[in-house]
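The structure under discussion appears below in the form of structure tokens.
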Amino acid sequence: MRDNQDILIDERGRLGLITLNRPDALNALTLDMVRAMRVALDRWAKEPTIASVAIRAAGSKAFCAGGDIQTIYLQRQEGRAADSLVFWAEEYDLNRVIKRYPKPYLALIDGIVMGGGVGVSIHGSHRVAGERFQFAMPEVGIGFFPDVGATYALPRLPWRGGYWLALTGARIGRGTAAAFGIVTHSVASGRFDAILAALEAGKAPHAVLAIEAVAAGEAPQLAQAGIIAQGFAGDTVEAMLAALGESAGKGSSLAAEAVAAMRTKSPTSLKLTLAALHRARSLEFEEAMRLEYRICARIIQGHDLYEGIRAQVVDKDRDPRWQPDSLAGVSDAVVEEYFTDLGPEELVFREAAP
């Protein structure tokens, strides 16, 4: 069954299969794709013939590189910035459905997975990585923050690894992702079709993956896990930069790269992201999603998100002009405003239709 050209929804025996089908756009998510996934997942949750659900992507370069941020930019240009909230509300509700899904949900991930792609994969029961797997949450580089449930997931990673990923936008391969617990299984991507065939026949996912599993591979960043844990242990961005600078001075290449990366990011996004991680690490998933939505409602009123998209995606000059342009210019009071209750505009989760 073909819902639209950007996403394919199929029922194959005992398997419900979703295929992200925008390879030329790195399978970036659109609102229509989010809605098609939600309808399918709600239906399959109640359908007794469907034993498990899998999501995969067309092409070999990317599983999903995020949401359609060019649309977010155009909405602002056209005076419709608030329309972006419709996308985020439905996307976050979809993330919740995946997190609480009553049946096995397998994400077959090969290539790049970032942003919105993380949201439709990391919260599933089985995160299956191919050899080209590359994970990143680079949102602070466009004046945004790691959302789609990342404020919940990242601070729960070991060795403060989630803080490192969130505040630097660092990219990691399958080995490091497996060590962090982002990936649950490693499989040769050439065996994805065999896995789907077994699921179609009704075989249990854990049994199928036990047969197909391979070694995750090298995890080069783990050699400096202590540097990550120490460098990102601080309560402020400034404290983290100081600790990382000290490690860099002692020869740590990871620390030096982290400092250099953070110096290029939106100062507002850095402080906002750290505050969000601190708050969400003690929240239930649904409350973390409401927190993220509050941030979105405020961030569209500002400058840095649209300047970041302009610099990275529209004009591609890679020279964003952040406002303010220093950490000192971002006060605690300003950060706190992003988290205040939205009252009647709070995110509301929609229950599946009977």
Review point. If we scan the stretch 132-153, do we find a residue that is farther than 17 Å from Leu277 by Cα and touching a Ser or Thr at 6+ places or on another chain (Cβ under 6 Å)?
Key: no
Study note, to complete from the structure: All-but-one check, Tyr163 against (1) out of contact with any Lys or Arg (no Cβ under 8 Å at 6 or more places or on another chain); (2) within 24 Å of Val214 (Cβ to Cβ), failing number (2)
Study note, to complete from the structure: Per the list (1) in contact with a Lys or Arg (Cβ under 7 Å, 6 or more places away or on another chain); (2) buried (at least 20 other Cβ atoms within 10 Å of the Cβ), residue check on Arg127 breaks on (1)
Review point. Residues of the stretch 39-59 being within 21 Å of Ala198 (Cβ to Cβ), more than 25 Å from the chain's Cα centre (by Cα) and open to solvent by 40 Å² or more (accessible area, probe 1.4 Å), which ones?
Key: Glu47, Pro48, Thr49
Check your understanding: Given the conditions (1) of a type in the set (Val, Ile, Thr); (2) in contact with a Lys or Arg (Cβ under 7 Å, 6 or more places away or on another chain); (3) crowded, with 24+ Cβ neighbours inside 10 Å, which single one is not true for Thr151?
Key -> (2)
Review point. For the stretch 64-104, what are the residues that are open to solvent by less than 20 Å² (accessible area, probe 1.4 Å) and either under 18 Å from Phe135 (Cβ atoms) or of a type in the set (Asp, Glu) (or both)?
Key: Cys64, Gly66, Glu91, Asp93, Asn95, Ile98
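Which fully enclosed helices (runs of 4 or more DSSP H) of the stretch 255-354 have 2 or more residues being open to solvent by 40 Å² or more (accessible area, probe 1.4 Å), of a type outside the set (Ser, Thr, Tyr) and closer than 29 Å to Leu244 by Cα?
Correct list: 267-280, 332-337.
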Practice item. Tally the residues that are outside any helix (DSSP H, G or I), among the aliphatic types (A, V, I, L, M) and closer than 29 Å to Ala333 by Cβ, restricting the search to the stretch 215-254. Key: 1
Point to revise | Residues that are within 24 Å of Ala280 (Cα to Cα) and under 23 Å from the mean Cα position of the chain (by Cα), drawn from the stretch 299-335 | key: Ile299, Ile300, Gln301, Gly302, Asp304, Leu305, Val335
Practice item. Looking at (1) free of Cβ contacts under 8 Å to residues at least 12 places away in the same chain; (2) surrounded by fewer than 15 Cβ atoms within 10 Å (Cβ to Cβ), find the lone condition where Ala248 falls short. Key: (2)
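The values are calculated or read from the model by the stated rules, or taken from the named source; none is laboratory data. Just so it is clear, the model here is predicted, and its values are computed rather than measured. Every residue, glycine as well, gets a Cβ built from its backbone with ideal geometry; the counts of neighbours run over all protein chains shown. These accessible areas exclude ligands, DNA and RNA; they are computed on the full protein's heavy atoms, side chains included. Shrake-Rupley method; radii C 1.70, N 1.55, O 1.52, S 1.80 Å.
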